[in-house]
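Throughout, read-outs are computed from the coordinates displayed, never taken from laboratory work. Being a predicted model, the structure only gives us computed values, none of them experimental. With ideal geometry, Cβ positions are generated from the backbone for all residues, glycine too; neighbour counts draw on all protein chains shown.
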Amino acid sequence: MKPFLSLLLRLCLALLMLFPAGSYARASDPWASVKQTALSAYGPNAQEIHQELRSAENAGIPPEQVMNLLSRASGAALTADDVARLLHPIIRAKKENFPSESFVDKALEGIAKGAPAPLIESVLDRKLATYGSAAEILGKTADRKTLEATALSLERGVRPEIMKEIASLDSRSPGTMVHASQALADLTELGFPQELGVKLVTAGIQSGYLRSESGSFVEIAARAHKLGYSAAEITGAMESQLKRGRPLSDLLTEIRGKAGFGGPRSGFGASDSSLRGRGGQGRGGQGR
Amino acid sequence: MSSEKTNRDPSGTISTLRSEETLDRGDGIVPAHGGRTPDHDVDEDPALASLGEMFRSLDDLEPPEEFTSHVMTRVREVQRSLPVRLWIALTRPRTIRVNLAQAFAGACIAMVLLLVAGPALQRVPFGGVPASKPAKEYLVQFTYRDPGAAAVYIAGTFNQWKPEEIPLADVSGNGVWTATVPLKPDVYEYMFYVDGHWKSDDRAAYYKDDGFGRKNAVLRLGNSHEALS
């Protein structure tokens, strides 16, 4: 029993001593392991990216992000020079206080899709420009979520001046900009002219919509669009509903009912709505 | 101060002892035995003295030979049920002898376990709900239809575009590949990775140009998803 206890005691002591020592070593210089990874991946060519690694460290990019990029890049047979190319825009993004994670993710996407490094670099450059526009629209106080949502909407084709119009609205809810920009991008994708889209979104915000979600707001437009109503008709009907202080859910219920079958022709929305009934489903229905 | 205590004497009458009479010797110091020895008490108390005399006069009797076996037989006859025996075993006070080396080894093991398992316990408290994650998480089922596909995966911003990390399964063999992925409320972009080629989800609600010549499907989870479902 005694030799066993003695062995156990020594083992525990060794573990206790090794555990904090190992943790300390890892925590004290994670960049050392990043550089080590670069060295083992690229050998003498790793010198080409040492400068970028130092810049990334100074810019405050989390080392695990760079480590991830390095290992995926070397796994995809990108050269040290390629890695340096990808790191440039990420470092610039971090220096401008943009979330580096989004840029690293985009680089990883490009690597996964087998895109050549110059193409990934140009995509990252465009992303950086989009984030710059988003920051300009929102101002320096914008939080990360709002910045990312605005940038995503710009990437999805919403024009900066349209986004600016939405950002200038006095909204007390911090999530409104996120949902409004999502709604605008979705409406744009549905084929709504952006001038109409912004009109609709503005009416929505002023009536208290788009504070916590944009789905039902966009769903009404999307379903009405599928029924064959034009963007102008949909905007008019929704605006009219909002101005009368009636919930859009009424409109949604009505559209959901219409979408499934070719029922009797009835007015879309309220009786004084600018839209008139469109029987059945699909575009270009009757009644016009 | 004069506190009084009642005492029942052998004759059955109640006598009253005054504490300062019995304990205090007058110098303010109260001895541990109260200033009187048991012998002294017996000698001075006539009732106790007569009781002692009575015990001394009793004959010295030996128990009968079969006494012990009789007692043991009776004891054996008392068969306790299992729960009672278990309860007795659990509640019986026991003495555990531990030396310093054993105690130290135990403490070391406890510390190592705490260091190793501590972070994991912090992440997943009892009940299985991760503490760092919001309580809300969506189980999203991705579906891809291709009867001719041999291997289908899903990749996107939720897994840093690792192509072969989340496989889809064609359970019924009819070319409908599915995978259920737990995701937090957020906006995600994704594509399918089919037999080494990237494919867009042609049933997605929204898309975004990926910049590399393809279209990522856009998936929004949160309140908007609830409204759409």
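Some notes on this structure:
- Working from label points 7 Å from Cα in the Cα-to-Cβ sense, the A:ASN45 to A:ASP143 distance is 4.4 nm.
- FRET efficiency estimate (nearest 0.05) - Cβ-Cβ, B:ALA107 to A:ALA77, R0 51 angstrom: 0.50
- Segment A:130-213: GluC sites (Glu not before Pro) in DSSP loop, at most 16 other beta carbons within 10 Å: none
- Across peptide B:200-210, the average count of Cβ atoms from other chains found within 10 Å of a residue's Cβ is 3.
- Shape descriptor for segment B:136-203: Rg over Rh equals 0.95 (Cα atoms; Rh from the Kirkwood inverse mean 1/r).
- Part-to-part distance (alpha-carbon centres) for segment A:125-197 and segment B:141-184, which is given in Å: 31 Å
- Exposure proxy order (Cβ contacts within 10 Å, fewest to most) of A:MET67, B:MET72, A:MET238: B:MET72, A:MET67, A:MET238
- Nearest-0.05 FRET efficiency for A:TRP31 and B:VAL176, computed from C-beta distance (R0 60 Å): 0.80
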